[in-house]
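This report refers to the structure that appears directly beneath it.
The values are calculated or read from the model by the stated rules, or taken from the named source; none is laboratory data. Predicted model, so just to flag it, every value in this text is computed and none were measured. Here the Cβ positions follow ideal geometry from the backbone for every residue, glycine too, while neighbour counts run over all protein chains shown.
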Amino acid sequence: MDGIVLMVEEHVNIKRMLKVIRKACLGILNGQEINYEDFEQMMDFVKNYADNHHHGKEEKFLFNRMVDEIGGPAEKLVKYGMLIEHDLGRLHMMNLREDLEKVKAGDQEAKLDVIANAISYTHLLIRHIDKEDSAVYTFAQRELSQETLDTINEECEVFEQEEDAKGTQKKYLQILEQLEEKYN
C-alpha cells in the first residue's frame, strides 16, 4: 500500500462531501428548512472520516516524519501551515455545531452562521487539499528516504486494516453516497 496515494484518494471522497455541504447550504439560502439529521451526518463524516481517519494518518505517520527528517522547510510547511489549517477546520465544525443548536432553539439569524461556518470549512478544505496534493505530498515523496516512506506505507496499511475491521471506511462512504443522492 502506498500511504500517500491512499491519502490522495481519500481527498477525493472528502471533496465529494464538501460539494454535499455546499448544496445543503444552498438549500438553506433558498429557504429550505435545515435538515438537522443530514447536518449531523455531514459533521460525523468530517469528524470521523476527514479528521480522525484521514488527518489522523497525516498527523501520526507523515507530518511528524517530515519535520524530523527534512527539518526547517518541512517544519514551516507542517506546523505553520497544514496543522494550523487542520485546527481551523475543527473550529469551523465546532462553531457549526453550536450554530445549529442556536437555530434549533429558535434563533433564525444563526442560519447565517450555519452557512458561514459550513462554507468557510469547504473553502478551507478545498485549498488545503490542493496544497497537500500538489505540494506537501510531492515534497514528502521527493525528500523522505525510501525507508521512511516504506515505514509510512506499512503503518498506513495496518491502520487501514484496523479501521476496515471496525467498518469505518464502509460506514462513511455509505453516508457520503446517501447524502450525495439527496443533495445532487
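Summary of computed values
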read-out: Pair list, Cβ under 6 Å, 6 or more apart: region 62-84 residue closer than 22 Å to Asp150 by Cβ, other residue acidic (Asp, Glu) and surrounded by 12 or more Cβ atoms within 10 Å (Cβ to Cβ); value: Val67/Glu75; Ile70/Glu143
read-out: Selection count where residues are without any contact (Cβ under 8 Å) to a residue 60 or more places away in the chain and buried (at least 18 other Cβ atoms within 10 Å of the Cβ), scope region 31-46; value: 1
read-out: Considering residues of region 1-25 that are more than 13 Å from the chain's Cα centre (by Cα) and not aliphatic (A, V, I, L, M) only, the residue farthest from Tyr121 (Cα to Cα); value: Asp2
read-out: Tabulated pairs, region 154-175, first within 15 Å of Gly56 (Cβ to Cβ) and modelled with pLDDT of 95 or more, second surrounded by 15 or more Cβ atoms within 10 Å (Cβ to Cβ) and of a type in the set (Phe, Trp, Tyr), C-beta under 7 angstrom, 6+ apart or interchain; value: Glu155/Phe61; Cys156/Phe61; Tyr172/Phe45; Tyr172/Tyr49
read-out: Residue in region 70-91 that is modelled with pLDDT of 95 or more, surrounded by 20 or more Cβ atoms within 10 Å (Cβ to Cβ) and of a type in the set (Lys, Arg) present; value: no
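The rows are residues; the columns are (1) touching a Pro at 6+ places or on another chain (Cβ under 8 Å); (2) in a helix (DSSP H, G or I); (3) within 20 Å of Val12 (Cβ to Cβ).
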| position | (1), (2), (3) |
| --- | --- |
| Phe45 | no, yes, yes |
| Leu100 | no, yes, no |
| Gln108 | no, no, no |
| Ser120 | no, yes, no |
| His128 | no, yes, yes |
| Glu132 | no, yes, yes |
| Ala140 | no, yes, yes |
